[in-house]
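A short write-up of the structure that comes next.
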Amino acid sequence: MGIEAFRYDGRHALIVGGGSGMGEALANLLLDLGAKVTVMDLVVSNRSDVTNIQMDLRDRPGIDAALAKVNGPVNAVFLCAGVADGEEGIEKTLFLGQRHLVESAIDAGMVPRGSAVAVISSVAGLGWERALPVLDEYLETPTFEAGAAWIAAHDNTATYSFAKQAFLAYTAKKAHQFLSKGIRINAILPGPTNTPLARANAEQWLGFAQDYRDNLGIPAAEPMDQAYPLAFLCSDAASYVNGINFIVDAGYVASGLTGSWDAPFIKPMMGIE
Ligand SMILES: NC(=O)c1ccc[n+]([C@@H]2O[C@H](COP(=O)([O-])OP(=O)(O)OC[C@H]3O[C@@H](n4cnc5c(N)ncnc54)[C@H](O)[C@@H]3O)[C@@H](O)[C@H]2O)c1
């Protein structure tokens with residue numbers, strides 16, 4: 001295999017949250033790379049050359065109904081949906097609904113050997129390793145409903161950063177179990193990226209690491225800057241890459257960690273100091 005290992009010819013990609021932002025950029029890229037694409041989202045994507053399935057990740061029976069509409073096996077599952085802190089049911093949109101969806105698809109035999117899953121987490125999920133004891137308890141909830149009940153019983157867990165930590169821990173934890181079925185799973189951690197969601201929370205989201213970018217003379221990432229690594233991670237070119245957290249932030253976290261850029265909160269976020 002050569003360059004074709006990066007392509008998606010003859011492969012079916014399911015993009016959850018593919019109606020906007022990074023997921024939409026990914027749909028455009030995967031179509032260029034030869035994939036057949038199905039988009040699941042609250043909204044209908046702008047593309048008529050994908051199969052659009054409208055659904056709400058907060059509605060468990062609705063997720064099951066959406067999966068029943070998917071035509072044929074799925075070779076790549078991208079979990080890209082997101083909302084910001086303060087949204088009703090954030091834990092379901094960001095984690096529980098997407099977990100239910102991917103596990104249901106695998107259990108139903110829709111995801112054959114040789115397939116891969118990619119998750120969008122966030123730099124906001126850094127430090128998940130330190131939080132593993134409590135995350136483990138949450139990850140052990142066997143169902144969507146049990147997960148929601150666990151969140152309701154634990155203060156300060158219906159948050160963006162807890163959900164993003166949970167998805168990173170989940171990615172690491174499922175690497176072995178999924179691969180025993182021939183399926184890889186990896187996650188990206190985007191830094192600030194110019195999407196409708198980030199623009200709606202511009203001060204907090206797009207203001208993050210502004211000093212670093214100003215110093216380098218670079219803008220925030222564009223959605224396609226995140227779509228390329230996602231496409232790579234589920235391609236055959238990444239066939240030995242499994243269970244990783246892939247930071248896509250122009251080096252801000254690495255610079256803060258090593259002290260080559262003054263970002264003193266990075267080490268505490270990672271649980272190192
Ligand atoms: N933009 C950033 O700076 C940034 C940084 C780090 C991580 N992220 C993460 O990247 C991912 C993509 O976000 P984006 O910035 O492209 O935002 P976006 O709003 O452009 O895209 C998110 C998509 O998720 C869909 N969605 C939201 N709630 C849903 C629900 N209940 N059911 C089904 N679909 C739902 C939305 O309709 C939208 O199409 C999210 O997980 C987000 O948390 C974003």
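The values are calculated or read from the model by the stated rules, or taken from the named source; none is laboratory data. Just so you know, these numbers come straight off a predicted model, no measurement behind them. Every residue, glycine as well, gets a Cβ built from its backbone with ideal geometry; the counts of neighbours run over all protein chains shown. Surface accessibility is based on the protein's heavy atoms, side chains included, excluding ligands, DNA and RNA. Shrake-Rupley method; radii C 1.70, N 1.55, O 1.52, S 1.80 Å.
So in the stretch 99-130, with the set limited to residues that are touching a Pro at 6+ places or on another chain (Cβ under 9 Å) and not small (Gly, Ala, Ser), which one is most open to solvent (accessible area, probe 1.4 Å)? Reasoning before the result, please.
Residues of the stretch 99-130 that are touching a Pro at 6+ places or on another chain (Cβ under 9 Å), as a first pass: 109-112, 115, 118, 120-123, 127.
In the following step, the residues that additionally are not small (Gly, Ala, Ser) were identified as 110-112, 120, 123.
Numbers: MET110: 31, VAL111: 12, PRO112: 46, ILE120: 12, VAL123: 7 Å².
That would be PRO112.
Can you tell me which of GLY147, GLY127, GLY114 is assigned to a helix (DSSP H, G or I), small (Gly, Ala, Ser) and within 20 Å of the chain's Cα centre (by Cα)? Reasoning before the result, please.
Values: GLY127 fails: assigned to a helix (DSSP H, G or I); GLY114 fails: assigned to a helix (DSSP H, G or I).
Criteria check complete, one pass: GLY147.
Being of a type in the set (Gly, Ala, Ser), buried (at least 22 other Cβ atoms within 10 Å of the Cβ) and farther than 16 Å from GLY18 by Cα is the filter here, so list the residues in the stretch 74-98 that pass it. Result: no residue meets the conditions.
Scanning the stretch 192-231 for residues that are away from the ligand (no atom under 11 Å from the Cβ), of a type in the set (Gly, Ala, Ser) and over 21 Å from ASN28 (Cβ atoms) yields a single hit, GLY217.
When residues of the stretch 51-69 are filtered for being surrounded by 23 or more Cβ atoms within 10 Å (Cβ to Cβ) and more than 18 Å from GLY82 (Cβ to Cβ), how many remain? Steps first, answer last, please.
Start the filter on the stretch 51-69 by keeping residues that are surrounded by 23 or more Cβ atoms within 10 Å (Cβ to Cβ), which leaves 57, 63.
Restricting the remaining residues to those that are more than 18 Å from GLY82 (Cβ to Cβ) gives none.
Of the residues in that region, 0 qualify.
Yes or no: ALA163 out of contact with any Pro (no Cβ under 8 Å at 6 or more places or on another chain), open to solvent by 30 Å² or more (accessible area, probe 1.4 Å) and either at pLDDT below 95 or under 18 Å from ARG60 (Cα atoms) (or both)? It would help to see each step written out before you state the result.
Working: out of contact with any Pro (no Cβ under 8 Å at 6 or more places or on another chain): yes; open to solvent by 30 Å² or more (accessible area, probe 1.4 Å): no; either at pLDDT below 95 or under 18 Å from ARG60 (Cα atoms) (or both): yes.
Here the answer is no, as ALA163 does not meet what is asked.
One residue stands out among those in the stretch 242-273 that are hydrophobic (A, V, I, L, M, F, W, C) and touching a strand residue (DSSP E or B) at 6+ places or on another chain (Cβ under 6 Å): the one that is least open to solvent (accessible area, probe 1.4 Å), which is VAL253. So, LYS181, is that one in contact with a strand residue (DSSP E or B) (Cβ under 6 Å, 6 or more places away or on another chain), open to solvent by 30 Å² or more (accessible area, probe 1.4 Å) and in contact (Cβ under 8 Å) with a residue 40 or more places away in the chain or not? So LYS181 does not fit the description; no.
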